[in-house]
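Only one structure is covered here, and it is reproduced in the block below.
Since every read-out is calculated from the coordinates, none of them should be taken as a lab result. Fair warning: this is a prediction, and the values are worked out from it, not measured in the lab. Positions of Cβ are generated from backbone atoms using ideal geometry, with glycine treated the same way; all protein chains shown enter the neighbour counts.
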Amino acid sequence: MPNRESLYHKYPDYRIDVEPNPGRVCARLNRSVIADSSRAVIVRETNLEPVIYFPRNDVLFEFAEATPHQTFCPFKGEASYWTFRCAGLTEENLAWSYEAPFDQIAQLRNYVAFYPDRVELSHSN
């Protein structure tokens, strides 16, 4: 595996801000709840759309299976993925998390995100 290091030192203006998500947010796949939390966070990253991350304990992993797929972000680290199966639908590599994120974004450890164009996200107060 190549040496994968953080690029914060090369791009000191790059920002990743983690904020509490106001209220409750629910993720559904084919109308079935796969995550529900009042403790989710919004991650705002330079040049990217905001992404909701759910605490791992608020994700229904009984519908999930870990996959070998991985990606690397030079600002967050190595991402692991899960495929979700429920209500007759399978979505490959639908969710990801950073199991050992870089120190600069350590607060994302134990959080999981879903591709927002592949799940239904609903918000309530």
Inset, instruction - Place a +1 charge on the Cβ of each Lys and Arg in the chain and a -1 charge on the Cβ of each Asp and Glu, then give the dipole magnitude about the Cα centre in debye, rounded to the nearest 20. - result: 140 debye
Inset, instruction - Calculate one ³J(HN,Hα) per residue across the range 38-43 by plugging θ = phi - 60° into the Karplus curve 6.51 cos²θ - 1.76 cosθ + 1.60, and present them in order as whole Hz with x for glycine and proline. - result: 9, 10, 5, 10, 9, 9
Inset, instruction - Above 24 angstrom, tally the Cα pairs of the range 16-124 and express them as a % of all pairs, no decimals. - result: 18 percent
Legend entry - Rounded to whole Hz, the Karplus (6.51, -1.76, 1.60) HN-Hα couplings of the range 46-56, x for glycine and proline: 3, 6, 10, 5, x, 10, 7, 10, 9, x, 3
Inset, instruction - Return Thr71, Thr83 ranked ascending by Cβ neighbour count within 10 Å, so the fewest neighbours appear first. - result: Thr71, Thr83
Inset, instruction - Would you please give the FRET efficiency between Ala100 and Phe61, computed as 1/(1 + (r/R0)^6) with r the Cβ-Cβ distance and R0 = 22 Å, to the nearest 0.05? - result: 0.75
Legend entry - Likely footprinting exposure, Thr67, Thr46, fewest C-beta neighbours within 10 Å first: Thr46, Thr67
Inset, instruction - For a footprinting-style exposure proxy, rank Phe102, Phe75 by other Cβ within 10 Å, fewest first. - result: Phe75, Phe102
Inset, instruction - Would you calculate the separation in nanometres between label points at Val51 and Glu5, each defined as 7 Å from the Cα along the Cα-to-beta-carbon direction? - result: 2.4 nm
